[in-house]
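The values are calculated or read from the model by the stated rules, or taken from the named source; none is laboratory data. Here the structure is a predicted model, which is why all the values come from computation and not from measurement. When we count neighbours, we look across all protein chains shown, and the Cβ atoms used for this are built from the backbone with ideal geometry, even at glycine. With ligands, DNA and RNA removed, areas are computed over all heavy atoms of the protein, side chains included. Shrake-Rupley method; radii C 1.70, N 1.55, O 1.52, S 1.80 Å.
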Amino acid sequence: QVQLVESGGGLVQPGGSLRLSCAASGSIFSINAMGWYRRAPGKQRELVAAITSGGNTNYANSVKGRFTISRDNAKNTVYLQMNSLKPEDTAIYYCNTDNPPVWDWGQGTQVTVSS
């Protein structure tokens, strides 16, 4: 079973930036489309960004133009660069395979955007 470990979250002021990382165990990482999801307080988990094995990307409208997803298959790692952060981006961020998410969820990384 693939294990996912997210990192890079923290407290940031509105307008700030963070870079999240997700390291996956297992050699099947490179063949899977991957996604970053988030769950805000009181809300359902949502997919915010996805990247195919070949590097094609897709974003939720709420983050388009501010977030960038990338991957390093040699390191079994997917990244999420988040710029121009807003308070509504506050959530726990997770990675998993692109819809549907098929692996066990990691613990996620908390992102809090507040002044």
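Quick notes on this structure:
- Condition check for LYS75 on (1) more than 14 Å from GLY108 (Cβ to Cβ); (2) surrounded by 13 or more Cβ atoms within 10 Å (Cβ to Cβ): one failure, at (2).
- ARG38, sole failed condition from (1) among the basic types (Lys, Arg); (2) open to solvent by 20 Å² or more (accessible area, probe 1.4 Å); (3) under 23 Å from THR112 (Cα atoms): (2)
- Listed by first and then second residue, the pairs linking a residue in segment 16-36 that is on the phi > 0 side of the Ramachandran plot to a residue that is modelled with pLDDT under 95 and assigned to a loop (DSSP other than H, G, I, E, B), with Cβ atoms under 9 Å apart and 6 or more places separating them unless they lie on different chains, are GLY26/GLN1; GLY26/VAL2; GLY26/GLN3; GLY26/ASN76; GLY26/TRP103.
- Out of LYS43, LYS64, sole residue that is free of Cβ contacts under 8 Å to residues at least 60 places away in the same chain, under 20 Å from GLY106 (Cα atoms), among the charged types (D, E, K, R) and part of a loop (DSSP other than H, G, I, E, B): LYS43
- Residues that are open to solvent by 40 Å² or more (accessible area, probe 1.4 Å) and either touching a Leu at 6+ places or on another chain (Cβ under 9 Å) or not in a strand (DSSP E or B) (or both), drawn from segment 1-25: GLN1, GLN3, SER7, GLN13, PRO14, GLY15, SER17, ARG19, ALA23, SER25
- Annotation: of all residues in segment 78-102 being among the polar types (S, T, N, Q) and open to solvent by less than 10 Å² (accessible area, probe 1.4 Å), the one that is farthest from ALA33 (Cα to Cα) is ASN96.
- Within segment 1-33, considering residues that are more than 11 Å from the chain's Cα centre (by Cα) and of a type in the set (S, T, N, Q), the one farthest from PHE67 (Cα to Cα): GLN1
- A residue that is in a loop (DSSP other than H, G, I, E, B) and open to solvent by less than 30 Å² (accessible area, probe 1.4 Å) cannot be found anywhere in segment 46-57.
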